[in-house]
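Participant: The structure follows.
The values are calculated or read from the model by the stated rules, or taken from the named source; none is laboratory data. Just so you know, these numbers come straight off a predicted model, no measurement behind them. So basically every Cβ, Gly included, is an ideal-geometry build from the backbone, and we count neighbours across all protein chains shown. When the accessible area is computed, the model is the full protein with side chains, heavy atoms only, and any ligands, DNA or RNA have been set aside. Shrake-Rupley method; radii C 1.70, N 1.55, O 1.52, S 1.80 Å.
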Amino acid sequence: MIMEIAKLEKHFGGLVAVQEVDLALAAGSIHAVIGPNGAGKTTFFNAITSIIPCDSGQITWKGERIEKLSPQSISAKGIARTFQNIRLFAFMSVLENVIAGTHNHFRSFVWGALTRNARYRREEKESREMAMALLEKVGLAEKHAEYARNLPYGEQRKLEIARALASRPDLLLLDEPAAGMNNTETEELEQFIRALRAEGLTVLIIEHDVKLIMGLADRITVLDHGVKIAEGTAAEIQNNEKVIEAYLGKRRV
Amino acid sequence: MFLQQLINGLAQGSLFALIAISFSLVWGLLRMVNFAMGEVYMLGAYAGWLVVMYATPNLGVALVAGFVIGWIVGWFIEKVAFKAMRGVPHIASLVCTIGFSFFLKELASALFRAETKSMPSYYSDTAFTFAEANISYLQIIMVVIAVVMMVLLQILFYRTKIGLAVRAVALDYRTASLMGMKVDRVTSLAFSLSGALAGFVGVLAATYYNAVNASMGFVAGLKGFTAAVFGGITSIPGAILGGYLLGAIENLSVKYMSSGYRDLVSYFILITFLLFRPNGILGKKAKL
Amino acid sequence: MQNKWHSLVGVTLLVGGATGAWAAPSTIHIALTAPITGDYAEYGNNFKHSVELAIEEINGKGGALGKKFELSVGDSKGDPKESAILAQKWTSDSTILAEIGDFTSTCCMASQPIYNRAGVIQLSPTASHTKFASGSKWSFSAYGTQYWEQPVMASLAVDKLKLKTAAILYINNDWGVDTQKFFKENFEKRGGKILAEESYFSGETDFNAVLTKLKGAKPDALFIATMYNDGALISKQREKMGWNLPVIGSSALYSPQLIQLGGTAVNGVYSNVSFFAKDPDPRIQSFVKTFETRYGNSPNFAAALAYDCVYLLAEAVKRANAMDRSAVRDALAATKDFKGLAGSITFTQDRDAIKSYKPVQVVNGDFQLVK
């Protein structure tokens, strides 16, 4: 297991957003978290990446406890994410957004920028090349000079994934990556995520599009009102009474 | 005399523009105004004065001294007024910087006594005369320094990773921290840089006006802020534009109206823009 | 703050009314209001030092009416609001017989109504606005107004230096406006012509624009109604512009600081004095020497005037032969031919001092009497 989460909890005042959730993430797997609106999925992600500190519980990453670390430390450990509501650097170019993502891998900072020494120049060149390669991969290379805010919605999502990948993570957290995408784009996304797994990346994904998840995920965790109500393969989840009642059941109403 | 006033305006505008950039840096990062900026400028001027009076009569060394003192004071203000106050309402930080402004001013009067100190002249000879207008070497040097500083900052922000980090933090510090950027460090760095710039300009102004005193920062700070709001406080090009325009308008208002209206014109611009166009001439689109 | 003082004053008045009398104190308590910090700090410290010096001398000789002087000092920072707050404080203290101060006419006039209401002597060493002393029967100026001073400067310009036209640069406050007005009046009365007038506000450092404008009028001379610090700045920026012409100012330029700050740029500048530090008069020389050894700098005109004020009060107390505020006021108003360091003083009906002024000029970095 690359990540193990035990009894993770987060309250907002009296509201319990996430309650004693356990989750074990196998290395190289695609793991999905699903659930109806307000199930606490995004809060769960925010707690993992320390954007919102959790109230209690443990998160173990490659044998190391990380629930008390800052967001930048977590990022340095090899965990990257995208956001449900896209959070690109709107007034930066597409390329710059991705270069920003490479930040972790480069050491020379103030001193390097002042002296422009050999290492600094090499690193700058490397990060630029790496960023271009990633843009190539998501199909945005031609638009590298545009302001991020000028891209259409679906491409902004792709860019956010490229930026997350720029930090060369071991775990990629995707928060509703298919939201706002058309069918063709969703299919491309599915292929893309599979390709990432083939490269050895572990993916934790929140998604509303059940069809996408059922075809993609190795394992699925279902949250409802902050509580984990089921976990298993796609087939197991589809036949789980509780899930049908809480989630799929609601849809039929 | 129109040309002479325009030249005076450009020289003074260089000073305004550089202070305005200091305001832009802090605004871009924290959406905050550091009202002690004028006092950082004043302390820089004292540092430069001390150097030329007691160490070496070298203006370059004096400018570096102003830069260093400004860096240190800027760093300190960030730690007290912003970092320590994170999480409390913005207004507390704002009031704290106003407090700093008074504190630093009184500190300087206590340390150096309140009387005006005389700063020696440098490069004050007339470089050339053009249509009855005299242009001194120092005026040329000031404009050149201002332009070079602006170019350097543009390179820093748009051609280096450190600049990318500053811009990323300015745009969205939470996301930036997820990219592994050390938000505190970047903020502190940009704050110190804005202070250093103010301290540097303080030495330049002291040389131009031949005077250093504890209360010199107040008006300078206000004019720099006005220039920033005028041009567009969200961006460095805006701050520069505002600085030069304000310098020209002020000096020409003396020519066409009366010197008594000079500050009035500036503050009228400040209030008008704050009310009707808070994003300045360049507007919202321009970003740090 | 204001309200607090108001209530304090109220309480004091009540207490005063209840006891019905002003208890005879054991000392002659006077207050000094001066800009100890701020733009005019150099003058304020000159005030403070020379007042302390004078009190020490008087007390050393047994004081007045067998009572010693006691001093309270307040810092007005050159700010009219602060000056008024201090006036509230002094007037609410029933032991205080009189106040010496403030430095600028603006500050004096801001606090004048408070002294007037309370019936406390307000003796300013340096307020030279013509409407100051005449504004209240409790106000006095030991300086003499610009009304008496400017004819001397205008006569110097027209009769002696044969200048026909002038431009004026003045600080925009009560004093500056007054000085500008009386110079202009007297200059024009003698056939001179004012070609341009410009003002600036306290705290200005950039004079390039106004000087450029004034230069455009091509006057024979520049008259500057400013304090020494602005005077030095203006001179330096004028020198840099390459604009050389006779510069005339008022007595406010007469300070060693003008030369320290202005360097070669102030050479040739005209000012005038009622107190001249190099006057061979042994009384003046002993004052200058004591002052210099004790405080490390030469006394300026403000120091001499503040020193004179203490003696003016001491004499008034003796002549009144009482410690009553209004008796001392009447005695002070009757002062005739008082021999001070800064010339003799006789108060007019309006409690302004009539004095004599001697023009001086900066020659090679030093003030010299114009012969």
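Participant: Taking the mean number of other Cβ atoms within 10 Å as a proxy for protection, how do you rank A:72-85, C:155-168 from highest to lowest?
Facilitator: Taking the mean over residues of other Cβ atoms within 10 Å, the ranking is A:72-85, C:155-168.
Participant: Let me ask another. Report the net charge of residues surrounding B:Ala92, where surrounding means a beta-carbon distance below 13 angstrom and charges are Lys +1, Arg +1, Asp -1, Glu -1.
Facilitator: Numbers: positive: B:Lys83, B:Arg86; negative: none.
Computed value for this residue: +2.
Participant: Kindly compute the accessible surface that chains A and B hide from a 1.4 Å probe when together, both sides summed, and give it to the nearest 100 Å². Walk me through the intermediate numbers first.
Facilitator: On the way: alone 12500 and 13360 Å², together 23340 Å².
That pair hides around 2500 Å² of surface in total.
Participant: Still on this structure, please answer the following. Please sort B:193-201, C:189-197 by packing, taking for each peptide the average over its residues of neighbouring beta carbons within 10 angstrom, highest first.
Facilitator: Highest mean packing first, the order is B:193-201, C:189-197.
Participant: At 1.4 Å probe size, what's the solvent-accessible area of C:Thr126? Round to the nearest 10 Å².
Facilitator: Taking all protein chains as shown, C:Thr126 has close to 10 Å².
Participant: In whole Hz, with x marking every Gly and Pro, tabulate ³J(HN,Hα) for region B:142-149 from phi via Karplus 6.51 cos²θ - 1.76 cosθ + 1.60, θ = phi - 60°.
Facilitator: 4, 5, 4, 4, 4, 5, 4, 4
Participant: For the pair A:Gln58/B:Asn58, report the inter-label distance in nm, with labels modelled 7 Å from Cα in the Cβ direction.
Facilitator: 6.1
Participant: Let me ask something additional. Other chains near A:81-90: what is the mean number of their Cβ atoms within 10 Å of each residue's Cβ?
Facilitator: Details: counts 2, 1, 3, 0, 0, 1, 6, 3, 11, 3.
For peptide A:81-90, the averaged partner shielding equals 3.
Participant: Mind listing, in residue-number order, the residues in region B:255-284 that have at least 40 Å² less accessible area with every protein chain present than in their own chain alone (1.4 Å probe)?
Facilitator: Those residues are B:Ser259, B:Gly260, B:Arg262.
Participant: Here is a follow-up. To two decimal places, what compactness ratio does region B:185-288 give when its Cα radius of gyration is scaled by 2.2 N^0.38 Å? Intermediate results must be reported in sequence, preceding the final value.
Facilitator: Numbers: Rg = 14.7 Å, N = 104, 2.2 N^0.38 = 12.8 Å.
With N residues counted in region B:185-288, Rg over 2.2 N^0.38 Å equals 1.14.
Participant: Continuing with the same structure: Convert 10 °C to kelvin, take the viscosity as 1.306 mPa s, use the Kirkwood radius over C-alpha pairs of region B:1-111 as Rh, and evaluate the Stokes-Einstein diffusion coefficient in µm²/s, rounded to a whole number. Before the final figure, lay out each step's value.
Facilitator: Details: Rh = 15.5 Å.
Result for D is 103 µm²/s.
Participant: With viscosity set to 1.567 mPa s at 4 °C, what whole-number translational diffusion coefficient in µm²/s follows for region A:115-253 from Stokes-Einstein and a Kirkwood radius over Cα pairs? Could you put the intermediate results ahead of the total?
Facilitator: Values: Rh = 17.3 Å.
Result for D is 75 µm²/s.
Participant: Hey, another quick one. In whole Å, what are the Cα extents of region A:160-205 along the three principal axes, biggest one first?
Facilitator: The principal-axis extents, from largest down, are 28, 19, 16 Å.
Participant: Separate question: By accessible area of protein heavy atoms, probe 1.4 Å, what ranking do A:His31, C:His49, A:His11 get, highest first?
Facilitator: On the way: A:His31 0, C:His49 35, A:His11 70 Å².
Result of the area sort, largest leading: A:His11, C:His49, A:His31.
Participant: Counting only other chains, and only Cβ atoms inside 10 Å, what mean value do you get across the residues of C:39-49? Before the final figure, lay out each step's value.
Facilitator: On the way: counts 7, 2, 7, 4, 1, 1, 3, 0, 0, 0, 0.
Partner Cβ neighbours, averaged per residue: 2.
Participant: At 7 Å along the Cα-to-beta-carbon direction for both A:Ser70 and B:Ile145, put a label point, then send me their distance in nm to one decimal.
Facilitator: The modelled label-to-label distance comes out at 3.5 nm.
Participant: In addition: Note the per residue figure in Å³ for the convex hull of the C-alpha positions in the protein assembly as shown. Working shown, then result.
Facilitator: Details: hull volume 191.6 nm³, N = 912.
Hull volume normalised by residue count: 210 Å³.
Participant: Evaluate the relative contact order of region C:78-117 (contact order divided by residue number), counting alpha-carbon pairs under 8 angstrom at least 6 apart; express in whole percent.
Facilitator: Values: 31 pairs, mean separation 23.9, N = 40.
Reported as a whole number, the value is 60 percent.
Participant: In square angstrom, rounded to the nearest 10, how much accessible surface does B:Thr126 have for a 1.4 Å probe?
Facilitator: Approximately 60 Å² of B:Thr126 is accessible to the 1.4 Å probe.
Participant: Which angle between 0 and 90 degrees, to the nearest 10, do you get for helix C:174-189 versus the longest principal axis of chain C when only C-alpha atoms count?
Facilitator: Tilt of helix C:174-189: around 50 degrees.
Participant: Something else: Above 29 Å lies some portion of the pair distances; for region B:2-276, what is it as a whole percent of all C-alpha pairs?
Facilitator: On the way: 11403 of 37675 pairs.
Cα-Cα pairs in region B:2-276 separated by more than 29 Å: 30 percent.
Participant: In whole Hz and in residue order, list the ³J(HN,Hα) couplings for region A:241-246 that follow from phi through the Karplus curve 6.51 cos²θ - 1.76 cosθ + 1.60, θ = phi - 60°; x for Gly and Pro.
Facilitator: Values per residue, Gly and Pro as x: 4, 4, 5, 4, 5, 6 Hz.
Participant: Would you mind estimating how fast region C:145-249 diffuses translationally, via Stokes-Einstein at 25 °C and 0.890 mPa s with the Kirkwood radius over Cα pairs, in µm²/s?
Facilitator: Numbers: Rh = 13.5 Å.
Rounded to a whole number, D works out at 182 µm²/s.
Participant: If you wrap chain C's Cα atoms in a convex hull and average its projection over all directions, what's the area in nm²? Each step should come with its number before you reach the end.
Facilitator: Working: hull surface 71.6 nm².
Projected over every direction and averaged, the Cα hull of chain C covers 17.9 nm².
Participant: Where does each of A:Ile244, B:Ile233, B:Ile271 land when they are ordered by accessible area, with a 1.4 Å probe and the largest first?
Facilitator: Details: A:Ile244 40, B:Ile233 15, B:Ile271 100 Å².
Descending order: B:Ile271, A:Ile244, B:Ile233.
Participant: Under a 1.4 angstrom probe, counting protein chains only, how are B:Phe268, C:Phe183 ranked by accessible area, largest first?
Facilitator: Details: B:Phe268 140, C:Phe183 0 Å².
Highest to lowest solvent-accessible surface, that is B:Phe268, C:Phe183.
Participant: With the other protein chains left in place, how much accessible area per residue, in square angstrom, belongs to region A:87-168 at a 1.4 angstrom probe?
Facilitator: I get 47 Å² per residue for this part.
Participant: Tell me, what is the 1.4 Å probe accessible area of A:Arg122, in Å² to the nearest 10?
Facilitator: Ignoring ligands and nucleic acids, A:Arg122 comes out at about 130 Å².
Participant: I've got another one for you. Amide H of C:Lys68 versus every other amide H placed in the peptide plane: which residues, excluding those fewer than 5 positions away on the same chain, fall under 5 Å?
Facilitator: Here the answer is C:Ile28, since their amide H atoms fall under 5 Å of that of C:Lys68.
Participant: Moving on to the next point. Which distance in nm do the two modelled labels at A:Ala195 and A:Lys211 give, with both placed 7 Å along the Cα-to-Cβ direction?
Facilitator: 2.2
Participant: If R0 is 56 Å, what FRET efficiency do you get for B:Tyr267 and A:Lys242 from their C-beta distance, rounded to 0.05? Could you put the intermediate results ahead of the total?
Facilitator: Working: r = 68 Å, r/R0 = 1.21.
For B:Tyr267 and A:Lys242, the calculated efficiency is 0.25.
Participant: Something else about it: Between 0 and 90 degrees, rounded to the nearest ten: what's the tilt of helix A:183-198 against the longest Cα principal axis of chain A?
Facilitator: 80
Participant: Follow-up. So what's the convex hull volume per residue for the Cα atoms of chain A, in Å³?
Facilitator: Numbers: hull volume 35.5 nm³, N = 253.
With only Cα atoms used, chain A gives 140 Å³ per residue.
Participant: May I pose another question? Given the convex hull of the Cα atoms of region A:87-168, what is a quarter of its surface area in nm²? Don't skip to the answer; put the middle values down first.
Facilitator: On the way: hull surface 20.6 nm².
Averaging across all directions leaves 5.2 nm² for the Cα convex hull.
Participant: If you roll a 1.4 angstrom probe over the protein chains with everything in place, what fraction of the accessible area of region B:184-261 belongs to carbon and sulfur, to the nearest %? Don't skip to the answer; put the middle values down first.
Facilitator: Values: 1210 of 1630 Å².
Ligands and nucleic acids excluded, carbon and sulfur reach 74 percent.
Participant: When Lys and Arg each count +1 and Asp and Glu each count -1, what net charge do the other residues less than 9 Å away from C:Ile55, Cβ to Cβ, add up to?
Facilitator: Details: positive: C:Lys68; negative: C:Glu52, C:Glu56, C:Glu57, C:Glu70.
Surrounding charge for C:Ile55 is -3.
Participant: Using only protein heavy atoms and a 1.4 Å probe, how much accessible area in total is buried between B and C, to the nearest 100 Å²?
Facilitator: Working: alone 13360 and 15020 Å², together 25850 Å².
Buried area between the two chains comes out at roughly 2500 Å².
Participant: Average partner chain C-beta neighbours within 10 Å, per residue of B:106-113? Mind showing how you got there, number by number?
Facilitator: On the way: counts 2, 0, 0, 6, 1, 0, 0, 4.
Average per residue, whole number: 2.
Participant: Relative to the longest principal axis of chain C, what angle (0 to 90°, nearest 10) does the C-alpha long axis of helix C:146-155 take?
Facilitator: Compared with the principal axis, the helix lies near 20 degrees.
Participant: Kindly write out, for region B:234-240 in residue order, the coupling ³J(HN,Hα) from the Karplus curve 6.51 cos²θ - 1.76 cosθ + 1.60 (θ = phi - 60°), rounded to whole Hz, with x marking Gly and Pro.
Facilitator: 7, 9, 5, x, x, 4, 5
Participant: Tell me the Kirkwood radius of region B:127-235: reciprocal of the mean inverse pair distance over distinct alpha-carbon atoms, in Å. Show your work: numbers first, answer last.
Facilitator: On the way: mean 1/r = 0.0607 Å⁻¹.
Kirkwood hydrodynamic radius for region B:127-235: 16.5 Å.
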